[in-house]
Structures are given as structure tokens and as C-alpha cells.
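The structure appears below as C-alpha cells.
Derivation of every value follows stated rules applied to the coordinates shown; laboratory data play no part. Source: prediction; values computed, not measured. As a convention, Cβ positions derive from the backbone with ideal geometry for all residues, glycine included, and neighbour counts pool all protein chains shown.
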Amino acid sequence: MICFENVSYSTSGIDIINNVSFKLKKGCFTALIGANGAGKSTLARLCNGLLKPTSGSVSVGGFDTALVRTSRIAKFTGFLFQNPDRQICKNSVRDEIRFSLECVIEDKTEIGIRCEKTLQEFSLNGDRDPFSMSRGERQRLVLASILAAEPELLLLDEPTTGLDYRECMHIMECVSRVNKKGATVLMVSHDMEVVQDFASEVMVLNDGSLLAHGRTKDIIRNEPLLARASLLPPQITELAIRLGGGYENAVTVDDMVLSVKKHIRGAE
Ligand SMILES: Nc1ncnc2c1ncn2[C@@H]1O[C@H](COP(=O)(O)OP(=O)(O)O)[C@@H](O)[C@H]1O
Ligand SMILES: [Mg+2]
């Protein structure tokens with residue numbers, strides 16, 4: 001779905017992305033992690049053609065982003081910006097979702113049906129003014145308007161930052177549902193717990209260079225690698241690594257509880 005070949009990107013004389021190559025398969029759920037300023041948002045923008053590589057090539061869904069119009073890529077791609085307020089342009093929730101649908105569907109009746117279905121699925125009140133809603137609700141609205149268009153590729157730049165646990169789970173469950181239906185997801189995230197729970201593979205970016213790309217369970221327990229990128233493993237993983245002796249495979253709280261109970265029973 002996405003193929004980067006020796007991609008570099010510079011602007012105003014600053015190198016932001018340095019010689020990055022990777023491939024993402026259709027249907028994968030990949031997290032992009034790295035410290036602030038590592039180049040994650042820039043890399044995400046290179047994926048939908050908003051930015052073009054200074055050297056190397058980016059192809060998305062088989063299209064070279066330097067050769068096709070960005071609007072061609074936008075037809076099958078949903079992009080969630082780091083700040084949802086940059087994306088909201090209508091005065092009601094219903095109009096916002098309709099606007100997104102109008103970009104991909106012509107039939108007015110179909111647009112109406114899909115819009116009402118989306119409002120229901122995301123528990124949104126169509127009559128509300130987006131700017132009277134909470135940050136979490138606005139994030140949900142932007143995601144709903146993106147998902148209403150059923151994109152094949154979802155690019156999410158920190159979709160859960162600033163949300164409470166319930167809002168975070170709601171957003172992630174929606175993303176997970178469309179991924180299970182076949183959409184490819186690339187998600188920039190700072191939240192290692194979210195990465196661990198939802199992504200099947202992880203890319204680690206540091207200072208514009210790709211340090212690693214592998215299975216989530218391998219990357220999140222690789223402390224030296226994470227340290228190079230100024231990151232920490234999720235807490236349960238860190239605890240499991242430190243305890244060692246049979247606990248090191250625990251990934252979730254449930255795993256850890258099970259291992260501890262087994263250990264206690266063994267000791268009795
Ligand atoms: N348009 C720009 N002009 C100059 N510097 C930029 C521009 N966009 C990003 N940068 C710089 O590039 C680096 C990476 O930015 P960004 O991709 O936003 O990182 P991240 O999303 O990982 O925090 C930062 O140091 C940032 O200041
Ligand atoms: Mg960013």
C-alpha cells in the first residue's frame with residue numbers, strides 16, 4: 001500500500017527525513033513512534049502526497065506521489081491531522097460529515113443515508129456546532145467524517161493525544177474496526193500502551209532516520225532500541241523485562257496477573 005524508497009525530505013535547508021525506505025502491506029496496522037521532532041508528522045504528510053520527497057520515491061496505492069495529483073491519492077486516503085480543529089470547516093456536525101462524503105460520492109440520497117449511519121455509529125448529534133464540543137468529541141467528529149468516506153488507507157497523526165481513557169478507547173475501537181474490514185492504518189502515536197494494544201507492527205523514527213521496523217511485540221521489548229529513540233517500553237512490558245524469570249513474556253495486565261498467580265500457586 002505504501003512504499004518508500006530512499007526517501008529524504010528537506011525544507012529551508014534543514015534535513016528532516018533522511019534516506020528512509022520501508023513497505024507497508026495492504027491491511028496492516030502500523031504505528032510510527034519517535035520522540036518529538038523526530039519527523040513523524042513530516043513522514044505522514046509524505047505518505048499522502050501533501051509533501052513530495054526531495055529525493056527518492058514514495059508510492060501509495062501504486063501511485064508515485066511525485067507524478068499524480070494529491071487529489072487522486074486523497075480519494076482513497078483519510079488523513080487525521082495532529083490538531084483536529086485544522087480539519088473542521090462546517091458549522092454543524094451533519095454538514096461536516098456530508099462534506100466529506102460529497103468528496104467521494106455523487107448520489108445525494110446515498111450521501112444522506114451514509115451520513116445518518118455515521119452519526120449513529122459514532123454517537124454524534126448532527127445538529128451540534130463542532131466548536132461547542134469538547135476536544136475529544138471534535139476528534140471523534142473528524143474521525144467519523146474521515147471514516148464515513150470508507151478510505152482504503154488511514155493516516156492518523158496522534159489520534160489519541162489529549163483524550164481521556166474512554167474517548168481514547170472509542171476512537172481506537174473505531175479505527176480497529178475499519179482495519180479489520182481491510183483498511184490499511186498508519187498511526188503516529190506517543191502512547192506506547194495504545195501502540196501495544198492495537199498495532200501489529202511498529203516503525204521507530206529518530207532524527208529523521210528509520211531505526212527499526214518490525215513486529216510490535218519485538219520492538220516494544222527492545223529497550224536499547226527504544227532508548228536510542230528516547231522512548232520507554234509500555235509499563236507492563238518494562239515490569240516483565242525487569243522481573244525476568246518466567247515473567248518476561250507477559251504483555252498485558254491479564255498476562256501478568258496470570259503469571260503471578262501461577263508463580264504463587266507454584267510456591268505454595
Ligand atoms: N516547514 C518546516 N520548516 C522548517 N522546519 C520544519 C518544518 N516542518 C517540520 N520542521 C522541523 O522538522 C522536525 C520534524 O518535525 P515533525 O515532522 O513535525 O516531527 P514530529 O511529528 O515527530 O514531532 C522538527 O525539528 C521541526 O521543527
Ligand atoms: Mg508530529
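A few comments on the model shown:
- When Cys115, Cys168, Cys89 are sorted by how many other C-beta atoms sit within 10 angstrom of their C-beta, beginning with the fewest, the order is Cys89, Cys168, Cys115.
- Where only DSSP H runs of four or more residues are counted, the chain gives -12000 deg cm²/dmol as its mean residue ellipticity at 222 nm, each run worth -39500 (n - 2.57).
- Estimated FRET transfer efficiency (Ala267, Thr161; beta-carbon r; R0 45 Å; 0.05): 0.60
- Over the chain - Rg/Rh using Cα atoms and the Kirkwood inverse-distance radius: 1.01
- Under a model in which nothing but the beta-carbon of Lys, Arg (+1) and Asp, Glu (-1) is charged, the chain shows a dipole of about 400 debye around its Cα centre.
- Here the relative contact order of the chain, from alpha carbon pairs under 8 Å that lie six or more residues apart, stands at 22 percent.
- Charge tally in the Cβ shell below 12 Å around Glu201, where Lys, Arg are +1 and Asp, Glu are -1, Glu201 excluded: +3
- Cβ-based charge dipole, the range 96-153, positive-most Cα from Gln120, Ser134, Ala149: Ser134
- Sparsely packed GluC sites (Glu not before Pro) within the range 69-122, loop by DSSP, other Cβ within 10 Å at most 11: Glu106
- Qualifying trypsin sites (Lys or Arg not before Pro) for the range 156-234 [loop in DSSP, other Cβ within 10 Å: at most 16]: Lys181
- Taking trypsin sites (Lys or Arg not before Pro) across the range 1-99, the ones in a DSSP loop with at most 11 further Cβ atoms lying within 10 angstrom of their Cβ are Lys25, Arg69.
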